[in-house]
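K.L.:
I am attaching a structure below and will ask some questions about it afterwards.
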Amino acid sequence: MINIQKIGFEVLTEKTQNDFQKLFDEYSKKIGRKLKNADSLKIHLKEHSPGGRIKFSIHVIANYSGKVLEADVSDWNLSRAFHKVFSKIEQEAEHLFHISDQNKGDKR
C-alpha cells in the first residue's frame, strides 16, 4: 500500500474529499503496478482565486526506490485536475520504464 501525505485538503468539503478518495483508490492501483516499489505519494493542493473564480493547483511527488517522479497541474475543475495529475504520474512512469514495450516480443 502506498503511504499518502495530503497537504492543503482542509479547504475541501467532505463530499469533495470522498470524491478524491475514490479517484485516488482507482489511480493508486495503476500507479502501484507501474511503480513496483512505490513508497509514498505527497499531494499538495493549493487554491487560487484570481478575479473571484477558484483555480486549483495540484503538485504530486511519488517516491519509489529512493527516486522521485513529479507532476503538477492547474485547472478550474478540481476533479479534472486530479485526473490530469494522476494521469501525468502514470505517463511519467510509462516513459521512464517503457512498460508497454516490455511485453512485446521480437516480431521479425
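K.L.:
Among DSSP beta bridges lying fully in the chain, give the percent that are antiparallel, nearest 5.
P.N.:
80 percent
K.L.:
³J(HN,Hα) across segment 77-89 via Karplus (A = 6.51, B = -1.76, C = 1.60, θ = phi - 60°), whole Hz, x for Gly/Pro?
P.N.:
3J(HN,Hα) across segment 77-89, in whole Hz: 9, 5, 5, 5, 5, 4, 4, 4, 5, 5, 5, 5, 5.
K.L.:
From the phi angles alone, apply the Karplus equation (6.51, -1.76, 1.60; θ = phi - 60°) to segment 9-22 and give each ³J(HN,Hα) in whole Hz, x where the residue is Gly or Pro.
P.N.:
Each residue's phi maps through the Karplus curve to give 7, 5, 7, 7, 6, 4, 5, 5, 5, 5, 4, 4, 4, 5 Hz.
K.L.:
Distance cut-off 21 Å, Cα to Cα: go down the list K42/K67; K46/K67; K29/K55; K15/K88; K6/K29; K22/K84 and report the pairs above it.
P.N.:
Result: K46/K67; K29/K55; K15/K88 exceed 21 Å.
K.L.:
Only counting other Cβ atoms within 10 Å, I'd like E94, E14 sorted with the fewest neighbours first.
P.N.:
E14, E94
K.L.:
For segment 3-96, what relative contact order do you get, as a whole percent, if you take Cα pairs closer than 8 Å and at least 6 residues apart?
P.N.:
26 percent
K.L.:
Something else now. With no solvent and one equal point scatterer placed on each C-alpha of segment 3-96, evaluate the Debye formula and give log10 I(q)/I(0) for q = 0.10, 0.12, 0.18, 0.24 Å⁻¹, two decimals.
P.N.:
Normalising to I(0) and taking log10 leaves -0.25, -0.36, -0.78, -1.31.
K.L.:
Can you tell me which aspartates and glutamates have their Cα less than 19 Å from the Cα of K30? Leave out same-chain residues fewer than eight positions away.
P.N.:
The reachable aspartates and glutamates, counting only those whose Cα sits under 19 Å from K30, are D19, D39, E70, D72, E90, E92, E94, D101.
K.L.:
Quickly estimate the mean residue ellipticity at 222 nm for the chain, helices only: each DSSP H run with n ≥ 4 gives -39500 (n - 2.57), and the total goes over all residues, rounded to 500.
P.N.:
Calculated mean residue ellipticity at 222 nm is -13500 deg cm²/dmol.
Values quoted throughout were computed directly from the atomic coordinates according to the rules given, and no laboratory measurement underlies them. Note that the coordinates shown come from a computational prediction; the quantities given were computed from them, not determined experimentally. No Cβ is skipped: glycine too gets one built from the backbone with ideal geometry, and neighbour counts run over all protein chains shown.
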